[in-house]
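Let me begin by presenting the structure, written as structure tokens, before commenting on it.
The values are calculated or read from the model by the stated rules, or taken from the named source; none is laboratory data. What you see is a predicted model; the values in this text were computed from it and never measured. So basically every Cβ, Gly included, is an ideal-geometry build from the backbone, and we count neighbours across all protein chains shown. For the accessible areas, the whole protein counts, side chains as well, though only heavy atoms, and no ligand, DNA or RNA atoms are used. Shrake-Rupley method; radii C 1.70, N 1.55, O 1.52, S 1.80 Å.
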Amino acid sequence: MLEPIVEVEGLTKVFKSLKAVNKVSFSIYSGEILGLLGPNGAGKTTIMHMLLGLTTPNEGEVKIFGRPLAKHRKEIIQEANFSSNYVSMPNSLTVKECLKVFARLYQVKNKEQKITELLKIFEIDDIRNKLVRHLSSGQQTRLNLAKSLINDPKILFLDEPTASLDPDIADKTRRLLQLIKKKSNISILYTSHNMKEMEEMSDRIIFLHKGNIIAEGRPADVIKRFKRKDLEEVFLKVAREERY
Amino acid sequence: MRLNRIVALFFRHVYLYRRSIPRIMEVLYWPVLDLVVWGFITVYLAQFRQNLPKFIPFFLGALILWDILFRAQQGISVSFLEDVWSRNFLNLFASPLGPAEYIFSLMLVGFTKLIVTASIMAALAWFLYSFNIFLVGISLIPFVLNLIVMGWSIGIITTALILRFGQEAEVLAWALGFLFMPVSAVFYPVAVLPPFLQAIAQYIPASYVFEGMRSVISKGGFPLDELLWSLGLNIIYIVLSFLFFYWNFRVVKKKGLLVRIGE
Ligand SMILES: Nc1ncnc2c1ncn2[C@@H]1O[C@H](COP(=O)(O)OP(=O)(O)O)[C@@H](O)[C@H]1O
Ligand SMILES: [Mg+2]
């Protein structure tokens, strides 16, 4: 677990006068789930977008697989993937067609086999010919997740993947992700507003507040440091106190 | 640049047409109506022979040709908007897909649609009016290709502007093409324009196409000069529009607007 997959150094993003991300440094190691948490507007999504090369940082360096993202984005992104509750699939395509398009975009070798496998894993096999626009939000999320695994990524960026899911489906999704992680040694950067989920899923967490990292470590250690009984309470303390 | 990724997005659009009747209609509806109306007018005009007002065939030909340019432009900008509206845009650009691959795929989709439409029109013209486009129209093909390329340039610029200015700029997807209509000499020769518009028309590839078309209809022959002018200008503009898109793509990533597109 010591090999860093992602190394972030002094990452900064300024929007006009707002410092959305302020000199953030951290690493994600091979096979770990790193949870990014913090109140709305803390900068979680912006960090993820910078790691995907969708937003250009003002300062700082991102290295993924030991190579600078700015120079090697295409090769890096080929082995990464992304899923967000706020980004959808083309809504006039069927589930299977979506996966075919993305299998091609990522130049997946055994497309049919991979797609069949993912449809099974995410239990969307029976709706493979349904149009995306007719899916429930739980089904859409599972399709998004299936897409995010189409290229067997080594690093996965998941932005609030379980938002808008009912507790049952959310729980199933978490189990699935953990299973996948165990099987494939994938690294995952994860955000969620569900603190229980963060505690359960993350090997380590990073607590962001107004663009700054204010705590970092294993969930249990962070809880201890803040002298609280769980992450939820840590979150409330941080979110409600101005001075951090 | 990978063909595979261009093909991936090409299929994303082909899947749509395979299933959607309104979309298939869109490919057939306007061209077939154009053809029917144009055909009957021609049949009607044939009765006059001698005192046929010359401007009518000009006018109709121009209408159809302008439509081709307009469709080429829309092929780019409206397909782009579909990705934006279905909130799929970030999924695409979080993949190894590059901006040029994206644009090429839109061109490929548009071009394929056009070929299908043109073939159907040619077949219909043959069945309905025993009119063989390949006898008369072959020399029009290079001109038509020039109109398509000019439409693409406008489409790419429109797309770049929508990326940059967001929803307010979406109306450009329909409007920007028409801005070039007055100086494209679609329905009248460049000579009728006031001097400053003439000066602009000089730099508009379509103006040479339409001047060329008029000279084919009235004098016959092949207006090579016009063709070369429009070709040369088009090459410059398509390259510039790609550069503009690339530059804009970079600016938009810096401003954090790429991830906000459609919001
Ligand atoms: N493109 C942008 N332009 C201006 N401000 C932005 C932009 N993107 C994000 N922000 C601002 O940056 C801050 C961080 O946003 P975000 O990363 O989405 O937070 P989080 O995901 O933690 O809720 C917010 O205040 C947000 O309004
Ligand atoms: Mg967010």
Hey, any hits in the range A:136-150 for a residue that's charged (D, E, K, R), within 16 Å of ligand 2 (Cβ to nearest atom) and modelled with pLDDT under 95? no
The condition from (1) under 18 Å from residue A:114 (Cβ atoms); (2) in contact with a strand residue (DSSP E or B) (Cβ under 7 Å, 6 or more places away or on another chain) that residue A:161 misses is numbered (1)
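Going residue by residue through the range B:196-219, is there one that turns out to be away from chain A (no Cβ under 14 Å), under 20 Å from residue B:61 (Cβ atoms), open to solvent by 30 Å² or more (accessible area, probe 1.4 Å) and without any contact (Cβ under 8 Å) to a residue 12 or more places away in the chain? Even if it seems obvious, please write down each step before you answer.
Restricting attention to the range B:196-219, the residues satisfying the condition of being away from chain A (no Cβ under 14 Å) are B:196-219.
Checking the rest, the ones that are also under 20 Å from residue B:61 (Cβ atoms) come to B:201, B:204-219.
From the residues that got through so far, the ones that are open to solvent by 30 Å² or more (accessible area, probe 1.4 Å) too are B:208, B:211, B:216-219.
The next check asks that each one be without any contact (Cβ under 8 Å) to a residue 12 or more places away in the chain; those that pass are B:219.
Looking through the range B:196-219, at least one residue is away from chain A (no Cβ under 14 Å), under 20 Å from residue B:61 (Cβ atoms), open to solvent by 30 Å² or more (accessible area, probe 1.4 Å) and without any contact (Cβ under 8 Å) to a residue 12 or more places away in the chain.
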In the range A:46-66, how many are away from ligand 2 (no atom under 16 Å from the Cβ) and under 20 Å from the mean Cα position of the chain (by Cα)? 9
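Yes/no matrix, rows are residues, columns are (1) at pLDDT 90 or above; (2) of a type outside the set (D, E, K, R):
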position: A:167; (1), (2): no, yes
position: A:182; (1), (2): no, no
position: A:185; (1), (2): no, yes
position: A:213; (1), (2): yes, yes
Residue B:186 passes all but one of (1) open to solvent by less than 10 Å² (accessible area, probe 1.4 Å); (2) part of a helix (DSSP H, G or I); which number fails? (2)
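At pLDDT below 85 and within 14 Å of another protein chain (Cβ to nearest Cβ) - does that describe any residue in the range B:40-52? Lay out the reasoning, then the answer.
First, the residues of the range B:40-52 that are at pLDDT below 85: B:40-52.
Right, trim to within 14 Å of another protein chain (Cβ to nearest Cβ) and you get none.
There is no residue in the range B:40-52 that is at pLDDT below 85 and within 14 Å of another protein chain (Cβ to nearest Cβ).
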Which one is farthest from residue A:131 (Cα to Cα), of the residues in the range A:85-99 that are more than 7 Å from chain B (Cβ to nearest Cβ) and in a helix (DSSP H, G or I)? A:99
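Filter the range B:1-12 down to the residues that are within 9 Å of chain A (Cβ to nearest Cβ) and not polar (S, T, N, Q), then identify the one that is surrounded by the most Cβ atoms within 10 Å (Cβ to Cβ). Give the derivation first.
Here is the first cut: in the range B:1-12, the residues within 9 Å of chain A (Cβ to nearest Cβ) are B:2, B:4-5, B:7-9, B:11-12.
Then drop every residue that is not not polar (S, T, N, Q), which leaves B:2, B:5, B:7-9, B:11-12.
Values: B:2: 15, B:5: 23, B:7: 17, B:8: 23, B:9: 24, B:11: 18, B:12: 26.
The extreme case among them is B:12.
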Of the residues in the range A:118-134, how many are in a helix (DSSP H, G or I) and either open to solvent by 80 Å² or more (accessible area, probe 1.4 Å) or of a type in the set (A, V, I, L, M, F, W, C) (or both)? 9
Is there a residue in the range A:99-112 that is in contact with a strand residue (DSSP E or B) (Cβ under 6 Å, 6 or more places away or on another chain) and either closer than 19 Å to residue A:155 by Cβ or within 16 Å of ligand 2 (Cβ to nearest atom) (or both)? no
So residue A:104 fits all but one of (1) more than 16 Å from ligand 1 (Cβ to nearest atom); (2) within 17 Å of residue A:11 (Cβ to Cβ); what number is the exception? (2)
Say whether the condition of being in a helix (DSSP H, G or I), within 14 Å of another protein chain (Cβ to nearest Cβ) and open to solvent by less than 40 Å² (accessible area, probe 1.4 Å) is met by at least one residue in the range B:107-118. yes
How many of the residues making up the range B:13-39 are open to solvent by less than 30 Å² (accessible area, probe 1.4 Å) and either modelled with pLDDT of 85 or more or farther than 20 Å from residue B:120 by Cα (or both)? 3
Any idea how many residues of the range A:100-117 are more than 11 Å from chain B (Cβ to nearest Cβ) and surrounded by fewer than 19 Cβ atoms within 10 Å (Cβ to Cβ)? 6
Within the set of pairs 6 or more residues apart or between chains, which connect a residue that is within 13 Å of chain A (Cβ to nearest Cβ) and part of a loop (DSSP other than H, G, I, E, B) inside the range B:240-258 to a residue that is within 10 Å of ligand 1 (Cβ to nearest atom) and open to solvent by less than 20 Å² (accessible area, probe 1.4 Å) with Cβ atoms less than 6 Å apart? B:256/A:55
Pairs, first touching a residue at least 40 places away in the same chain (Cβ under 8 Å) in the range A:103-129, second among the hydroxyl-bearing types (Ser, Thr, Tyr), C-beta under 7 Å, six or more apart: A:106/B:95
